Every structure is written in structure tokens, then in C-alpha cells.
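Only one structure is covered here, and it is reproduced in the block below.
Please treat every number below as a calculation from the coordinates, not as lab data. Worth saying up front: this structure is predicted, and the values here are computed from it rather than measured. Because the Cβ atoms are built from the backbone with ideal geometry, glycine has one as well, and the counts that use them run over all protein chains shown.
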Amino acid sequence: MGADPVLRQIAVKTRRSDELIDLTAEINREIQSAGIRTGLCHLSVLHTTAALIVNEAEPGLCEDFLATMTRLVPVDPSYAHPDGNGHAHIKAALLGSSQTLQIRDGVLHLGTWQSVFLVEFDGPRERHIAVCLIPA
């Protein structure tokens, strides 16, 4: 049997109602701290109004992404959800709450332009991301 998984948690304080926060460097620090060179990294956001995506870390694209999500699922007081954040729950459910990525040479194995983002839809808040590092 291989080594046991390493379980960590990352806390992120968001600043706006909708934003993308690049987590790539922080996740890589967790991988390096755990001493894992090869394996899998499973990430899960522990909230229902935030999501995790892999995309390009280009400011204009981040703005376009959030604007498109707002057009697709606008803030609308007619949602049946009583807390006024039904739009945030729907957006997060469309994108998903988890990502599983490869670890190679002690860091996330990503494409040239790829980064891992927390996508906030109901901030500002403190968000928590569970990190499960599985050595190969």
C-alpha cells in the first residue's frame, strides 16, 4: 500500500460579492509542505455559493467570466430561495464544488495558462477549501 493521503484546509477571505481568486500558488505550497512529488490533489470548496474552476489567470478574462455568469444567472428577487442569494447557489452548482488534478514534480500539473480559482458568488465571506493530497 502507498502512503496515506494528506488532508489540509485553505481559508480564503473574499472581498467582493463576485470574484475569482487564484489559489494555485497556495495549493502548490501545501503540496510542497507535504513533500509529495507525484500523485493527485483533490480540492473541494466547503460552501454552496462558491465554486472551483481551472481557467486562465488573465484579468480581462476573469471580468468577462463573472459578467457572463451574471448574464446567465442574474440576481433576481423572484427566486423562491428566501435568503436572497438563490442566484449564487445556482451559479455555484453549474460550475461545481470540486476539482481533482495531478501532482507532478512536486506541483500541480497544469497547462501553460491554467490556474485554479475559487469563484465567489456571495461575498465577501471567509471560504474554506478542503485539500486532499494523495501520493502515488
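Couple of notes before you dig in:
- Here the Karplus curve 6.51 cos²θ - 1.76 cosθ + 1.60, taken at θ = phi - 60°, turns the phi angles of segment 124-136 into couplings of x, 8, 9, 10, 10, 10, 7, 10, 10, 9, 10, x, 8 Hz, with x standing for Gly and Pro.
- Set of segment 43-66 residues, backbone N closer than 11 Å to the point 7 Å along the Cα-Cβ line of THR100: 43
- Net charge dipole size for the chain [Lys, Arg +1 and Asp, Glu -1 on Cβ; Debye, nearest 20]: 300 debye
- Neighbour net charge for GLU126 - beta-carbon separation under 13 angstrom, K R +1, D E -1: +2
- For the chain, the longest principal axis of the alpha carbon atoms and the long axis of helix 59-72 meet at an angle near 50°.
- Counted by Cβ distance under 15 Å from ARG16, the other residues give a net charge of -2, where Lys and Arg count +1 and Asp and Glu count -1.
- DSSP-loop chymotrypsin sites (Phe, Trp or Tyr not before Pro) across segment 73-136, with at most 12 other Cβ within 10 angstrom: TRP113
- Neighbourhood charge, 15 Å Cβ-Cβ cut-off, centred on GLY39 and excluding it, Lys, Arg +1 and Asp, Glu -1: 0
- Springs join every pair of Cα atoms under 10 Å in this Gaussian network model of the chain, and among ASP18, ASP64, ASP83 the largest mean-square fluctuation is at ASP83.
- Label reach from THR112 (point 7 Å along Cα→C-beta): in segment 52-66, amide nitrogens under 17 Å belong to 55-58.
- Values (i) 15.9, 53; (ii) 14.5, 48; (iii) 17.6, 61 are given for comparison; Rg and Dmax of the Cα atoms in Å, derived from the coordinates here, is the one labelled (i).
- Within segment 110-136: backbone nitrogen closer than 12 Å to the HIS81 label point (7 Å, Cα to C-beta): 121-123
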